[in-house]
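Each remark here refers to the structure printed beneath this line.
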Amino acid sequence: MLYHSTRSTQHWVDSAQAVLDGLAPDGGLYMPETLPAFDWKACLQGDSFSMAAQILSALLPDFPDMEALVRRAYTGKFQTEDLTPTVKVGDYTVLELFRGPTSAFKDVALSMLPQLMTAAKNLKGQEQDIMILTATSGDTGKAALEGFKDVPGIRICVFYPHGGVSQVQRAQMATQEGSNVSVCAVEGNFDDAQTGVKHIFAACQGKELPFRLSSANSINIGRLAPQIMYYFRAYRDLLDRGEIQLGDRVNFSVPTGNFGDILAGYLAKQLGLPVGRLICASNANNVLTDFIRTGTYDRRRPLHKTTSPSMDILVSSNLERLLYLLSGDTELVKGLMEQLNTQGTYTVPESLLQVIQKEFWADFCDDARAARVIGGVYQDLGYLLDPHTASGWAAATDYRAETGDSAPMVVLSTASPYKFPAAVLTAIGGDTRGDEFQQMERLSVITGVPVPQNLAGLRGKPERHSLVIPKEQILDYVLSL
Ligand SMILES: *Cc1c(COP(=O)(O)O)cnc(C)c1O
């Protein structure tokens, strides 16, 4: 099985090379030529580790002993053996993706990616160090730093928008330990940071560098593929609890930013899992809601700062993969991406829009509504949602009301509520005095749920990374490392 870019079929690589490269040379994203036949029913029999190994082997067939890589990635790092537990909350099932080492759902993928990257490096006999470049809207950065710290032969450099992440998120990154890590704030928003990183890849093409560039963003297929597992895991939990029969369709509501998480759900469906509708939940930055409802993607709008910063995004990179998967047309995708680049907008053909709308449904939720959802769910059901998850909950509710589709609904929970204590306290009527650390403690006292240890331990940790640079200097900064 070979991979090619979403924008052309001229350049083919194997799965190890796709993981090493991150981005295809023409700026597109790597996709397999066809998805393999997959025994999804057999996959559902195993535990989370075995599910992950089977799915990853199917998508990344060049990696030997995937089971060992999976064990090394996850053993002892998550709060529960099943990695991503589910909880029944009212009418929905909440899939808790935040039980990993940094309390972010990105831990699932970013614990795995360093194992894949190291294996790919060995497979390809690549001796030069790899430099991972990552732009983060908050959670990716810490999860990537934690995953890659002190991995031999790999260095990592993380850029985040100055003032665009929470106090806890900033503390998580600024205190990062490890001999191979760099962290730098950029004056600008997340899109500035992400665009800056993309430009580095373009500018360094063909240049002699002391390292080889790669990426930990979900543009890397090695980052996307590990996320498929938890859709299977959730389905299995519903089976085990007798809520569904094998083959029944299950809907998933996904708080969405870069479109990686929800695309993993679509890939799960392509592998055979009976996924019904995938509900794309956004915050006030509702560019995806508009796109899925109208077929026009238009990034020419202000970026709003919201209480769910990991979804404050105007350009959702992985949407490009969906456009390719559903159209099979690299020329079309190339043209659309060029229009996005030059005009800031594109419109997909009507036939493509119809396929998109068959698989996806979209909705958004502003901060005020997210707060009402958090307050309501806590009061009525005793469960604490974070603001990202609240948007997924709201979209699930609207979906059911508008369509009458009452199939079982899984709401993906992408962050611990303790990472956004001010917003959560406000929503449940608590007092928000003090800094975020005091707020976390107060939240814990009110709810009786302890603060995750990785967050509680941040206080008093020495700050190691405090540089802020203008966005024009991102390239120079990397070249100076
Ligand atoms: C990254 C992130 C998202 C968005 O996930 P995508 O894969 O980028 O769509 C949602 N919620 C939280 C808390 C995140 O960290």
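If you stretched the chain out fully between Lys461 and Gln339, how much longer would it get, using 0.36 nm times the residue separation minus the C-alpha to C-alpha distance?
So the extension gain works out to 39.3 nm.
Per residue, how big is the convex hull around the C-alpha atoms of region 416-470? Give it to me in cubic angstrom, could you?
It comes to 111 Å³ per residue, whole-number rounded.
Among rounded, prolate and oblate, which fits region 22-158 when a ≥ b ≥ c are the square roots of the eigenvalues of its C-alpha gyration tensor, a/c under 1.5 means rounded, and a/b larger than b/c means prolate?
Judged from the Cα gyration tensor, region 22-158 comes out oblate (a/c at least 1.5, b/c at or above a/b).
Using a ≥ b ≥ c from the Cα gyration tensor of region 260-347 (square roots of the eigenvalues), is it rounded, prolate or oblate, where a/c under 1.5 gives rounded and otherwise the larger of a/b and b/c decides, a/b for prolate?
Here region 260-347 falls in the oblate category.
Which three numbers, in whole Å and largest first, are the semi-axes of the equivalent ellipsoid of region 366-418 derived from its Cα gyration tensor as √(5λ)?
Over the Cα atoms of region 366-418, the ellipsoid semi-axes are 19, 12, 11 Å.
Would you mind counting up the charge near Ile262? Only other residues with Cβ under 12 Å from its Cβ, with Lys and Arg at +1 and Asp and Glu at -1.
+1
Indicate the gyration tensor shape class of region 196-321 (rounded, prolate or oblate), computed on the Cα atoms with a ≥ b ≥ c the square roots of the eigenvalues: a/c under 1.5 is rounded; otherwise a/b larger than b/c is prolate and the rest oblate.
Oblate, because a/c is 1.5 or more while a/b does not exceed b/c.
In Å, what Rg and Dmax follow from the Cα atoms of region 343-440?
Here Rg and the maximum Cα pair distance are 16.9, 53 Å.
Given the peptides 262-271, 149-158, arrange them by the average over their residues of other C-beta atoms within 10 Å, most packed first.
262-271, 149-158
Once you charge only the Cβ atoms, +1 for Lys and Arg and -1 for Asp and Glu, what is the size of the charge dipole of region 306-423 about its Cα centre, to the nearest 20 debye?
280 debye
How big is the chain on each of its three principal axes, counting only the C-alpha atoms and giving the largest first in Å?
On the principal axes, the chain reaches 59, 51, 46 Å in Cα extent.
Using unit Cβ charges (K, R positive; D, E negative) and no other charged atoms, how large, in debye to the nearest 20, is the dipole of the chain about its Cα centre?
Computed about the Cα centre, the dipole is about 420 debye.
Under a plain spin-label model, where a point goes 7 Å from the Cα along Cα-to-Cβ, how far apart in nm are Lys149 and Thr403?
4.1 nm
If we count every other residue with Cβ under 12 angstrom of Phe190's Cβ, Lys/Arg +1 and Asp/Glu -1, where does the sum land?
Residues close to Phe190 contribute a combined charge of -2.
Tally Lys/Arg at +1 and Asp/Glu at -1 over every other residue whose Cβ is under 13 Å from the Cβ of Thr175; what's the total?
+3
Compute the separation of the alpha-carbon centres of region 250-285 and region 200-234 and state it in Å as a whole number.
Here the answer is 20 Å between Cα centres.
So how long is each side of region 250-401 along the principal axes, counting just the alpha-carbon atoms, biggest first, in Å?
51, 38, 22
Here is the link list: Lys419/Lys471; Lys77/Lys198; Lys269/Lys358; Lys269/Lys305. Which ones come out longer than 22 Å on Cα distance?
Over 22 Å apart, Cα to Cα: Lys419/Lys471; Lys77/Lys198; Lys269/Lys305.
Which value, in debye to the nearest 20, describes the size of the charge dipole of region 90-234 about its Cα centre when Lys and Arg Cβ atoms bear +1, Asp and Glu Cβ atoms bear -1, and nothing else is charged?
With Lys and Arg at +1 and Asp and Glu at -1, about 300 debye.
Residue by residue through region 308-313, what is 3J(HN,Hα) from phi via Karplus (6.51 cos²θ - 1.76 cosθ + 1.60, θ = phi - 60°)? Round to whole Hz and write x for glycine and proline.
10, x, 6, 10, 7, 9
Efficiency by 1/(1 + (r/R0)^6): what FRET value for Asp366 and Glu127, r their Cβ-Cβ distance, R0 = 41 Å, to the nearest 0.05?
Working from the Cβ atoms, E equals 0.20.
Do any trypsin sites (Lys or Arg not before Pro) in region 183-255 lie in a DSSP loop with no more than 12 other beta carbon atoms within 10 Å, and if so, which?
Passing both the DSSP loop test and the Cβ count: Lys207, Arg241.
At 7 Å along Cα-to-Cβ for each site, give me the label-to-label distance between His199 and Gln438 in nm.
Result: 4.1 nm between the two label points.
Whole Å is fine, so just give me how far the alpha carbon centre of region 294-328 lies from that of region 123-176.
Cα centroid to Cα centroid, the span is 23 Å.
Putting +1 on Lys and Arg Cβ atoms and -1 on Asp and Glu Cβ atoms, find which of His388, Thr9, Ile279 reaches farthest to the positive end of the dipole of the chain.
The residue sitting most towards the positive pole is His388.
Please compute P(r) over all alpha-carbon pairs of region 222-271, binned at 5 Å starting from zero, and give each bin as a whole-number percent.
The calculated distribution, bin by bin, is 5, 20, 30, 23, 14, 7, 2.
Can you tell me how much longer the chain between Gln270 and Asp26 gets when fully stretched, taken as 0.36 nm per residue apart minus their C-alpha distance, in nm with one decimal?
Additional length available on full extension: 85.3 nm.
Values quoted throughout were computed directly from the atomic coordinates according to the rules given, and no laboratory measurement underlies them. All figures in this text were calculated on a predicted structure; none of them were measured in a lab. Methodologically, a virtual Cβ is constructed for each residue, glycine included, from the backbone with ideal geometry; neighbour enumeration extends over all protein chains shown.
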